[in-house]
Every structure is written in structure tokens, then in C-alpha cells.
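Comments concern the structure below.
The values are calculated or read from the model by the stated rules, or taken from the named source; none is laboratory data. Treat the numbers as computed from the prediction; the structure is a model and nothing was measured. Cβ atoms come from the backbone with ideal geometry, glycine included; neighbour counts cover every protein chain shown. Heavy atoms of the whole protein, side chains included, go into the accessibility calculation; ligands, DNA and RNA do not. Shrake-Rupley method; radii C 1.70, N 1.55, O 1.52, S 1.80 Å.
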Amino acid sequence: MNRQIQELYSKAGKSERLIIGLMSGTSMDGLDIALCAVKKSGAETDIRVLKFKTGDYTVDFRTKIKAVFSKKDVDLQLVCVMNEHIANIHAQLINEALKEWGYKNDEIDFIASHGQTIFHAPKSLHQLADYPNGTLQIGDGDHIATKTGIITLSDFRQKHLAAGGEGAPLAVYGDYLMFSKAGEDRVMLNIGGIANFTYLPGSKKASEIFSTDVGPGNTLMDQYMQQHFNQFYDKNAAVALSGHLNSKLLAALLDCDFLTLDFPKTTGPELFNLEYLLKAQEKSSTVHLKKEDVMASLCHFSAETIASAVKRCFGQDARVQVFMSGGGMHNPLLVQLLQARLPSCKFLSTADLNINPDAKEAVLFAVLANETLCGEPIHFGNRQGVPSVCMGKISLPK
């Protein structure tokens, strides 16, 4: 047997595994790195976050990613070399984090890398009759494994697609294992670039779980701030709070076929982008609206799409516990608007469940990797869009 296969087998059989989970989302602010200690698998999974940090991206690196991000027409050679370049940068950030934390690379058992999404193309977006759902994450796992010396699992979304899903949202798998509680219905709301949530029934029956994207979280607000205010995001909602809602613009933003589709569904910045905003402004005759008012209206748009989805699933007087994560939970106006629209819901964060909400998605991929190595596919019944699979390709260091 190949020595590296023997090592993989040995590490997978340990009573506790050290797994680094990685996440680089559509916000492209940096690489979330979560060092996790994981015991057991499946419903008995026991995970502790030992260390967490976000490795910051340089302006130059972020610009390079944006050159291939969410574009139908792109330089294919640049996509090709960025696949390797992103992996090399991620490996560098991992090595730096381990040195900072006082860990040697050979003490780490596995890396679980999401990669960088550059295009997400479910059928609802591409509408090409002869083609399946598609998604593309780059940042090659072999390069990360070779440059860190650590066995790496990557490219998780492709198995989801191959088994009939849309490649997203994958949070349902980790949410079920980490956060389900008997006798307590929970909604795990992640507000990243795109907002999604998972419903965890108190019955703990996997077949009753529900997970879906709902629409924009931060992506439109972030794009607008970068274009017009030269800021990466609207810190503390300062700009949006200085503006006022324009109801005509909000109505135009809400006039979208995607928002009427049945759940589950997925989307991305390929749909919700500045071109989408401009068309809504033209339709509502608000092209010359004050920029602060545009930001306020975009915040209301995100809140309305999230709240409407929750009501659609749980009724107009939805009464569920909502555990938030993702950058959007730090936007005070967005959270205020959600609370106003869902007054019977109790809003908490995953910190109340002992998981740093900023680390949650990186931890998710550590859990997914652990299941591939040590678990079995979770049977979600006949739930559309939630195939019962283990995910992630395995890359050996040598």
C-alpha cells in the first residue's frame, strides 16, 4: 500500500483529528482559517474550535480574484493560472497561521478547503436546456497539500452537483450535525454575500430538514460601497442609516423571478449585482437617487427577502429561534429590520451554541471533511436538492 494512503488511513482512525477548515466567500475579504479538534462522526460529532483567524487578502490579490469573479466573459488563461495562484496564497496563509499559533504542520491531520467560488450557475440562472447545474471553485487542493505538507480535501460542491443538487447550500450538512437539538426547532441563518438558512426540526429527523438560499445578503451593499464610497463594506451601517428607504426602488428590486421560485434554490452575485441594481433603478426612475438612500433601500431589500422566505416556510407569524452567522449579522440596520419583520422570532447567534459566528462556515468544511474520512452519507430522505453524499476530493502531499 502507498505510504501516504496508509497515513491517510491512520489519521482517519484517530480518536481525535486536528482539521483546518477554510472558507473564502463571495465578499473576498480574506481566508477564514479555523483549527478544529474533531471526535467521532455523524450525529455523535464532537467539534471544538481551537484557533480562528481571517488571513487578510491584499488589495492586489483581491483585484486579481475580481478579474475572474462572476463574469460570463473572462480571460481563460487568467482563470487557469489563478487556480494555482489562489491555492498558493491560501497555503501561505495557513503556514503563517500555524506558525502564529505555535503549531507544527505535521501536527495537523487534514485541511478542508472550500476554494474560491468564481461562478455559480444553477439551471435557474443559465437556463440552458441541455446543460446541468454548474458551479466552479478554484484554488487547487494538490497545491495546498504540497505546500503545507498536509492531506487536503477540496472541491466539495462537485459531488453535490453530481448527485442531483445545485452545489449549494452545503450548510445543511454541517448544521444538522453541529446544531440540531431534540425538542427545539431552529433556523440557522447565514448572511454572507448571499443569505441562506437551514431549518433544523426538534424531531432531529434528517428527512424533515430544509435548506435554501433566499437572496442577497451583503453582496449588493458591498458592491455599491466599493463602487461609490471606496469602502469595502458599510461598517456599522453608517451610510445606510444616514439614508432613507425608497419604496419605488425596493419594489423594483423585489420584482425578480428568482424570488418566486420554490425552495430549495441557489443563487449568487451572477444575478444580484450592480447591473441588477441599475435595471431596478431605471425601472423605478430612481437613477439619480441619493447614494445613501440607495444603500438604505438595498439593506431593506436584503431584510425583506430573508424575512419573506422565513414567513413563507413558517407562516406570517413565524415563531422560531434564528441563530445568525456571517458578516450580515454585524450590520445593525439589517438585524433591526429583520427583527421588525419577524417580531415573534428570537434572534441569537451561533456564539450561543459555542461556535464563533465568523468561523462557522470554515468549521462547516472541517465537519464535511470529517464525514468523508470517518462517517457515512446522511440520509435526508427524498429531499430535493439535499443528496445523501460525502463530499470532497482528497489530495496527498507527495
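Gain on full extension, evaluated as 0.36 nm per residue between Ser15 and Ala43 minus their Cα-Cα distance, stands at 8.5 nm. Between Arg3 and His228, the contour length at 0.36 nm per residue exceeds the Cα-Cα span by 75.5 nm. For the chain, the longest principal axis of the alpha carbon atoms and the long axis of helix 332-341 meet at an angle near 70°. Volume per residue for segment 295-398 equals 160 cubic angstrom (convex hull of Cα atoms). Ranked by the mean number of other Cβ atoms within 10 Å of their residues, highest first, the peptides 255-264, 159-168 fall in the order 159-168, 255-264.
Accessible surface of segment 200-323, 1.4 Å probe: 48 percent of it comes from carbon and sulfur atoms. In order along segment 253-267, the Karplus-derived 3J(HN,Hα) couplings, from 6.51 cos²θ - 1.76 cosθ + 1.60 at θ = phi - 60°, round to 5, 7, 7, 9, 4, 4, 5, 9, 5, 5, 7, x, 7, 9, 7 Hz, and Gly and Pro are given as x. Here the calculated FRET efficiency for Asn236 and Leu261, from their Cβ-Cβ distance with R0 = 25 Å, stands at 0.15, rounded to the nearest 0.05. Taking 7 Å steps out from each Cα toward its Cβ at Ser203 and Lys181 produces label points 2.0 nm apart. Once the chain from Cys80 to Lys290 is taken as fully extended at 0.36 nm per residue, the excess over their C-alpha distance is 71.6 nm. Simple rule: put +1 on each Lys or Arg Cβ and -1 on each Asp or Glu Cβ in the chain, find the dipole, and look at Leu368, Phe52, Gly183; the Cα lying farthest toward the positive end is Gly183.
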